[in-house]
Amino acid sequence: MRRRFNITGSCIPERHYMVRLDNRLKKIKEDFVDYGSYFVINRGRQYGKTTTLRALEEYLKEDYLVLSLDFQQIVTEDFIDGPAFVRAFSKKLFAEFGNIGLGDSQNMQEMLSDFRDHNAEAGLDDLFVCLSRICEKSTRPIVLIIDEVDSTSNNQVFIDFLAQLRSYYLKRDRTSTFHSVILAGVYDVKNLKLKLRPDSEHQYNSPWNIADDFDIDMSFSADQIAKMLEEYEADKRTGMDIKEVAEEIYQYTSGYPVLVSSICKQLDEKIPGSEDFETMQKTWTKRGIEKAVSMILKKSSPLFESMTKQLDLYQELRSMIEDIIYRGRKVTFSPEYKAISLGLMFGFLKEENGHVAIANRMFEMCLLNLFMAEESGGEVYARGGSDRRDI
């Protein structure tokens, strides 16, 4: 099957050129899952979370029974109250056991059937008693994976669900429960109550303070980018200098996954044959990368739209970024400061030599264009690398 660079949805090795995840999956399993950790993979939009979860599900199947759910598939009305959520959650779990198809899956489905079909009044307490029985009877430890948890994180029912997970975790020496629970989304669980109850008394109270700190780097290194390009080069034979191209892509993106893939997609599909880039060898160069970046910045994208939305929503974060880019202000790095914490969570900021810095060069260029366009009354600029203001 022919492969291409992918910037929408999950990456599939058989269909897409992608950075190999074997070392990352091994580390997640050995450092977190094997220890029975409950943890959150929270990274910015299009940071490879879902791709990692799909690969992790396959990687863990030899040793664990893996239940993988996506909360985007549970609609808003299913969060009206506890019984509605219990029915929706049970239906998804019932279907997941069917997909797994292991020997005891049918027994697990039978245990869930009352919640799925008949018991309109069953609440979260009843559901977790059933889940505990399922974990007790399972022939393998159960790992629960939930993607897109922040799609419902402004709902009290979900906070109550987290509280139940926490309660069973704390008494797991006496009561059967999930071996490991993995949540994924942009928002960290400790910030979820901030969205529900912004008053100072409650905004920092976590419903899930049992979660281990997930400190695995999910960005791509220049070496990882180079290995991906080696696979591409074996297919296309462009004659590129793989190391030089990988380093240049990294300089613009700092390894932000979707930005890496976006540049490569432009170089592979859009730029070849245009003026000054008649051949693939001329395209896969520093000049070609500069052209690709310029093209990306001239078009709207889900990632940049999300960035603008978050800056509009969090004005303190916006003001700090504007000060850094426009006025060259040096902001001391402190993750406890709310605006910095939000910027780190969204993937917009990073720490550099004890100060706050924009996460990558492309973000910096995009934000500079945005602020300049607003200042000039709406005139849109699309500047290349030579126009970037060094800070």
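The values are calculated or read from the model by the stated rules, or taken from the named source; none is laboratory data. The structure presented is a predicted model; accordingly, all values stated were derived computationally and were not measured. Positions of Cβ are generated from backbone atoms using ideal geometry, with glycine treated the same way; all protein chains shown enter the neighbour counts. Quick note on the areas: whole protein, heavy atoms, side chains included, nothing else; ligands and nucleic acids left out. Shrake-Rupley method; radii C 1.70, N 1.55, O 1.52, S 1.80 Å.
Provide a single number: the residues in region 353-382 that are modelled with pLDDT under 95 and charged (D, E, K, R).
The total comes to 3.
Considering only residues that are crowded, with 16+ Cβ neighbours inside 10 Å and among the aromatic types (Phe, Trp, Tyr), look in region 170-215 and name the one that is modelled with the highest pLDDT.
The selected residue is PHE178.
Against the definition (buried (at least 20 other Cβ atoms within 10 Å of the Cβ) and in contact with a strand residue (DSSP E or B) (Cβ under 7 Å, 6 or more places away or on another chain)), how does PHE71 come out, yes or no?
On the way: buried (at least 20 other Cβ atoms within 10 Å of the Cβ): yes; in contact with a strand residue (DSSP E or B) (Cβ under 7 Å, 6 or more places away or on another chain): yes.
The answer is yes for PHE71.
If the requirement is being surrounded by 20 or more Cβ atoms within 10 Å (Cβ to Cβ) and either without any contact (Cβ under 8 Å) to a residue 60 or more places away in the chain or of a type in the set (Val, Ile, Thr) (or both), which of these qualifies: TYR232, TYR250?
Details: TYR232 fails: either without any contact (Cβ under 8 Å) to a residue 60 or more places away in the chain or of a type in the set (Val, Ile, Thr) (or both).
Being surrounded by 20 or more Cβ atoms within 10 Å (Cβ to Cβ) and either without any contact (Cβ under 8 Å) to a residue 60 or more places away in the chain or of a type in the set (Val, Ile, Thr) (or both) holds for just one of TYR232, TYR250, which is TYR250.
Exactly one condition in (1) part of a helix (DSSP H, G or I); (2) out of contact with any Phe, Trp or Tyr (no Cβ under 9 Å at 6 or more places or on another chain); (3) farther than 15 Å from LEU349 by Cα is not met by ARG318; state its number.
Only one criterion is unmet by ARG318, namely (3).
Here is a list: GLU136, GLU121, GLU58, GLU110. Which entry is within 30 Å of SER219 (Cα to Cα) and surrounded by fewer than 13 Cβ atoms within 10 Å (Cβ to Cβ)? Before you say what the answer is, go through the steps one by one.
On the way: GLU136 fails: within 30 Å of SER219 (Cα to Cα); GLU121 fails: within 30 Å of SER219 (Cα to Cα); GLU110 fails: within 30 Å of SER219 (Cα to Cα).
Just one listed residue meets the conditions, GLU58.
Among the residues of region 300-310, what is the count of those that are within 15 Å of ALA373 (Cα to Cα) and open to solvent by less than 40 Å² (accessible area, probe 1.4 Å)?
Total satisfying the criteria: 1.
For PHE128, work out the one condition from (1) of a type in the set (Phe, Trp, Tyr); (2) part of a loop (DSSP other than H, G, I, E, B); (3) at pLDDT 90 or above it doesn't fulfil.
(2)
Among the numbered conditions (1) within 22 Å of the chain's Cα centre (by Cα); (2) small (Gly, Ala, Ser); (3) open to solvent by 50 Å² or more (accessible area, probe 1.4 Å), tell me where SER319 comes up short.
Exception for SER319: condition (1).
Return the pairs, sorted by first residue and then second, in which the second residue is outside any helix (DSSP H, G or I), the first residue lies in region 55-70 and is among the polar types (S, T, N, Q), the beta carbons are less than 6 Å apart, and the residues are 6+ apart or on different chains.
Pairs that qualify, where the first residue is among the polar types (S, T, N, Q) and the partner is outside any helix (DSSP H, G or I), are SER68/ILE145.
Assuming MET307 fulfils every condition listed in (1) at pLDDT 90 or above; (2) in a loop (DSSP other than H, G, I, E, B); (3) among the aliphatic types (A, V, I, L, M) apart from one, which condition is it?
With respect to (1) at pLDDT 90 or above; (2) in a loop (DSSP other than H, G, I, E, B); (3) among the aliphatic types (A, V, I, L, M), MET307 is out only on (2).
Please pick out the residue among LEU297, LEU349 that is at pLDDT 95 or above, in contact with a Cys (Cβ under 7 Å, 6 or more places away or on another chain) and not β-branched (Val, Ile, Thr). Steps first, please.
Numbers: LEU349 fails: in contact with a Cys (Cβ under 7 Å, 6 or more places away or on another chain).
Within the list LEU297, LEU349, the selection yields LEU297.
Mind checking which pairs have a first residue in region 286-299 that is within 22 Å of LYS243 (Cα to Cα) and of a type in the set (Gly, Ala, Ser) and a second that is assigned to a helix (DSSP H, G or I) and open to solvent by less than 70 Å² (accessible area, probe 1.4 Å), Cβ under 7 Å, 6 or more apart or different chains?
These pairs meet every condition: GLY288/LEU267; ALA292/ILE263; ALA292/GLN266; ALA292/LEU267.
Can you work out which of the residues in region 262-285 that are under 25 Å from GLY48 (Cβ atoms), assigned to a helix (DSSP H, G or I) and of a type outside the set (Val, Ile, Thr) is most open to solvent (accessible area, probe 1.4 Å)?
Only one residue fits best here, namely LYS270.
Tell me the residue from LEU259, LEU297 that is within 28 Å of ASN369 (Cβ to Cβ) and open to solvent by less than 10 Å² (accessible area, probe 1.4 Å), please.
Details: LEU297 fails: open to solvent by less than 10 Å² (accessible area, probe 1.4 Å).
Being within 28 Å of ASN369 (Cβ to Cβ) and open to solvent by less than 10 Å² (accessible area, probe 1.4 Å) holds for just one of LEU259, LEU297, which is LEU259.
For the condition β-branched (Val, Ile, Thr) and more than 28 Å from ALA226 (Cα to Cα), what is the one hit in ILE325, ILE289? Full working, then the answer.
Working: ILE289 fails: more than 28 Å from ALA226 (Cα to Cα).
Just one listed residue meets the conditions, ILE325.
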